Amino acid sequence: RNRPEFNDAIDGLYAMEEPLFVKNLENVQGDERDVIFISFTYGPSEHGGKVYQRFGPINSDVGWRRLNVLFTRSKKRMHVF
């Protein structure tokens, strides 16, 4: 459904001095924001539509390093869902 008010709000977030970004764990190093939203949700794979409940590189022996990067991206607040 087309929601112009939603689209305007999202456009406004991308136009800010520190614009909104959506990234996976592998691409977030070096970026910081005042508020970070972290999602531990799963979705269907591109091929076959199966839902795999995996945390990828976080499950490795050095996964703690990835978590350190993730949890230090926020300057003020972090919301986990």
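The values are calculated or read from the model by the stated rules, or taken from the named source; none is laboratory data. In this text, all values refer to a predicted model and were calculated from it rather than measured experimentally. Backbone-built Cβ (ideal geometry, glycine too); neighbour counts: all protein chains shown.
Of the residues making up segment 1-44, those that are among the small types (G, A, S), under 25 Å from V69 (Cα atoms) and either surrounded by 10 or more Cβ atoms within 10 Å (Cβ to Cβ) or modelled with pLDDT of 85 or more (or both) are G30, S39. Are any residues in segment 52-76 among the charged types (D, E, K, R) and under 14 Å from the mean Cα position of the chain (by Cα), and if so, which ones? Correct list: R66, R73. Just name the residue that is nearest to F40 (Cα to Cα) out of those in segment 66-81 that are charged (D, E, K, R) and surrounded by 12 or more Cβ atoms within 10 Å (Cβ to Cβ). For segment 66-81, the residue satisfying everything is R66.
Considering only segment 61-79, state which residues are β-branched (V, I, T) and either closer than 16 Å to K23 by Cβ or assigned to a helix (DSSP H, G or I) (or both). Within segment 61-79, V69, T72 meet the criteria.
Filter segment 26-53 down to the residues that are under 18 Å from F81 (Cβ atoms) and either out of contact with any helix residue (DSSP H, G or I) (no Cβ under 9 Å at 6 or more places or on another chain) or of a type in the set (S, T, Y) (or both) and list them by number. If the condition is that a residue be under 18 Å from F81 (Cβ atoms) and either out of contact with any helix residue (DSSP H, G or I) (no Cβ under 9 Å at 6 or more places or on another chain) or of a type in the set (S, T, Y) (or both), then R33, D34, V35, F37, S39, F40, T41, Y42, G43, V51, Q53 are the ones that fit.
Residue-level check: of (1) in a loop (DSSP other than H, G, I, E, B); (2) farther than 15 Å from V80 by Cα; (3) not hydroxyl-bearing (S, T, Y), K23 misses just (2).
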